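A short worksheet on the structure shown next.
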Amino acid sequence: ALQSLGEQSDVITYEFENINATQLHKLTERFNVPQGYEAIQLLQDRLTEKETIEKAVAHVAPFCKVTTPQELQQATETLGYPFIIKTRFGGYDGKGQILVDSEQNLNEALALIKDQECVAEKYLTLKREVSVT
């Protein structure tokens, strides 16, 4: 299907990040995809995304990697309540996220990290949020 799309198209573009970065990379190797695949690949890994933003010396909410119950406990101590636990991969538009505002929510967070790697992020009260890809 990707081959057929490429052969029928002068230019291929995309407008959201919930697409397969590996397949997009294959398209960019053979066809005209001016946006490339690198931004999508970066944005699909919440930990790498946050680390990249930090390296660019831009502000990012305090965060830490969470893959074990011990790291979850460390996140509660480092970030304090409330914080948001987010899946490292596959989450978007609020999916794959749990607000942890007390010890009562920790079981939900434990269940989430049991299935996959996560990132804990300090919950911030914002007047406005802007998302740029």
Practice prompt. Count, please, the residues in the stretch 90-111 that happen to be under 18 Å from Glu49 (Cβ atoms) and at pLDDT 90 or above.
Written response: 1
Practice prompt. Please work out which one of (1) at pLDDT below 95; (2) closer than 14 Å to Cys64 by Cα; (3) open to solvent by 100 Å² or more (accessible area, probe 1.4 Å); (4) not hydrophobic (A, V, I, L, M, F, W, C) is the condition Asp115 fails and give its number.
Written response: (2)
Practice prompt. Could you grab me the full set of residues in the stretch 63-96 that are closer than 17 Å to Asp115 by Cβ and either under 10 Å from the mean Cα position of the chain (by Cα) or charged (D, E, K, R) (or both)?
Written response: Lys65, Glu71, Lys86, Thr87, Arg88, Phe89, Gly90, Gly91, Tyr92, Lys95, Gly96
Worksheet entry | Checklist (1) assigned to a helix (DSSP H, G or I); (2) surrounded by fewer than 14 Cβ atoms within 10 Å (Cβ to Cβ) applied to Leu124, failing item | (1)
Worksheet item: So which residues in the stretch 11-27 are crowded, with 16+ Cβ neighbours inside 10 Å and without any contact (Cβ under 8 Å) to a residue 24 or more places away in the chain?
Response: Ile12, Ala21, Leu24
Item to complete: Tell me, please, whether a residue that is within 30 Å of Leu2 (Cα to Cα), buried (at least 16 other Cβ atoms within 10 Å of the Cβ) and in contact with a strand residue (DSSP E or B) (Cβ under 8 Å, 6 or more places away or on another chain) can be found in the stretch 31-45.
Response: yes
Worksheet item: Do any residues in the stretch 99-117 that are within 12 Å of Thr76 (Cα to Cα) and in contact (Cβ under 8 Å) with a residue 12 or more places away in the chain have Cβ atoms under 8 Å from those of residues that are open to solvent by 60 Å² or more (accessible area, probe 1.4 Å) and of a type in the set (D, E, K, R), where the two are at least six apart or on different chains, and which pairs are they?
Response: Val100/Glu108
Discussion item. Just to be sure before I move on: is Thr125 β-branched (Val, Ile, Thr), at negative phi and at pLDDT 95 or above in the structure I sent?
Written reply: no
Worksheet item: Can you pull out the residues in the stretch 46-67 that are out of contact with any Lys or Arg (no Cβ under 9 Å at 6 or more places or on another chain) and closer than 26 Å to Leu2 by Cβ?
Response: Glu49
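The values are calculated or read from the model by the stated rules, or taken from the named source; none is laboratory data. Since the structure is predicted, the reported quantities are computational estimates derived from the model, not experimental observations. Positions of Cβ are generated from backbone atoms using ideal geometry, with glycine treated the same way; all protein chains shown enter the neighbour counts. The accessibility values were calculated without ligands, DNA or RNA, using every heavy atom of the protein model including side chains. Shrake-Rupley method; radii C 1.70, N 1.55, O 1.52, S 1.80 Å.
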